[in-house]
Amino acid sequence: MAPVTSEAPGFGLVSVHVPKTAGTSFLAALRRLHGTALVLDNRDRPLAHGRWARRTHALRMALACAGKDLPAACVHGHFLPIKYGLARGTRFCTWLRDPVQRVVSRYHHYVRNGGGEPHHARWGLVPGLSLEAFVSLPQYQDTYAEYFWMFRLDRFDFIGIVEDYESDALRFCDRFGFPRDAMTDEIRNRNPSRQGDAYEIEPPIERMIRARNSRDLAIYERALELRERRN
């Protein structure tokens, strides 16, 4: 399938990838849609920095982008959406996952792939870290709320739910006028040791995750409400 040109949809798409929310699968679809008109923006790495450092950077970039077009038909990556919030002619999309499952997935991703990057020790990511200890690290709590700082949830033109990836991927195409055959039901980057669609979590750990990610739980419930209203 030939990539969709920037003139076809008539807007610049900003795709915000919160860690462990099917971003790898979605990126593959965006590549099929846009080809070389897709730009990856993973330089900010929000969780590698403290709260005020990432917020200050995002605001500075928002002012730099104010009133300007995106650098490509689609920008996808790890950044705060407010970064492009003042750009011209933009539409925003993101994917969310049940916050409890997302936290556990993020932990297992670190266990599998943790490379001892400089910021890891700063925020408490150390070899042999237990799930309980990871859940207690403030840097990795309420990740949705941190990413969506100063950006209302209803500003997203599309919010996909990872648990319904196949149907929501088609809904994404319909929402933006893209061909449905760009999508695939293949879920990439899944933990090979996990069986089924969800991690099994001990009740005390689940309660801990919920207590330390209450803002994310509220955002997820709000996203489900918005999706229901828009369908």
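Brief remarks on what is shown
Per-residue answers, yes or no, for (1) surrounded by 17 or more Cβ atoms within 10 Å (Cβ to Cβ); (2) among the polar types (S, T, N, Q); (3) closer than 28 Å to D157 by Cα; (4) at pLDDT below 95:
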site	(1), (2), (3), (4)
L96	yes, no, yes, no
Y107	yes, no, no, no
P118	no, no, no, yes
R122	no, no, no, yes
V126	no, no, no, yes
A133	no, no, no, no
L137	no, no, no, no
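- Qualifying residue in region 5-20 (condition: of a type in the set (D, E) and free of Cβ contacts under 8 Å to residues at least 12 places away in the same chain): yes
- Only residues that are loosely packed, with under 13 Cβ neighbours inside 10 Å and aromatic (F, W, Y) were counted across region 209-229, and they come to 0.
- F134 vs. criteria hydrophobic (A, V, I, L, M, F, W, C) and more than 23 Å from F178 (Cβ to Cβ): yes
Conditions (1) loosely packed, with under 13 Cβ neighbours inside 10 Å; (2) in contact with a helix residue (DSSP H, G or I) (Cβ under 6 Å, 6 or more places away or on another chain); (3) not acidic (D, E), marked per residue:
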residue	(1), (2), (3)
S25	no, no, yes
T36	yes, no, yes
D41	no, no, no
R45	no, no, yes
A48	no, yes, yes
R54	no, yes, yes
L59	no, no, yes
L63	yes, no, yes
A72	no, yes, yes
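- Restricting the first member to region 104-125 and to residues that are among the small types (G, A, S), and the second to residues that are surrounded by 14 or more Cβ atoms within 10 Å (Cβ to Cβ), the beta-carbon pairs closer than 6 Å and six or more apart or on different chains are S105/K20; G124/L137.
- Conditions (1) of a type in the set (A, V, I, L, M); (2) modelled with pLDDT of 95 or more; (3) within 23 Å of G23 (Cα to Cα): number failed by L70: (2)
- Some residue of region 201-209 being farther than 16 Å from R106 by Cα and modelled with pLDDT under 95: no
- Single match in T143, T90 (criterion: buried (at least 17 other Cβ atoms within 10 Å of the Cβ), touching a strand residue (DSSP E or B) at 6+ places or on another chain (Cβ under 9 Å) and among the polar types (S, T, N, Q)): T90
- Listed by first and then second residue, the pairs with beta-carbon distance under 9 Å, at least 6 apart or on different chains, first residue in region 54-79 and touching a residue at least 60 places away in the same chain (Cβ under 8 Å) and on the phi > 0 side of the Ramachandran plot, second assigned to a loop (DSSP other than H, G, I, E, B) and surrounded by 18 or more Cβ atoms within 10 Å (Cβ to Cβ), are G77/H17; G77/D41.
The values are calculated or read from the model by the stated rules, or taken from the named source; none is laboratory data. Here the structure is a predicted model, which means the values were calculated and not measured. Note that each Cβ is placed from the backbone with ideal geometry, even for glycine, and that neighbours are counted across all protein chains shown.
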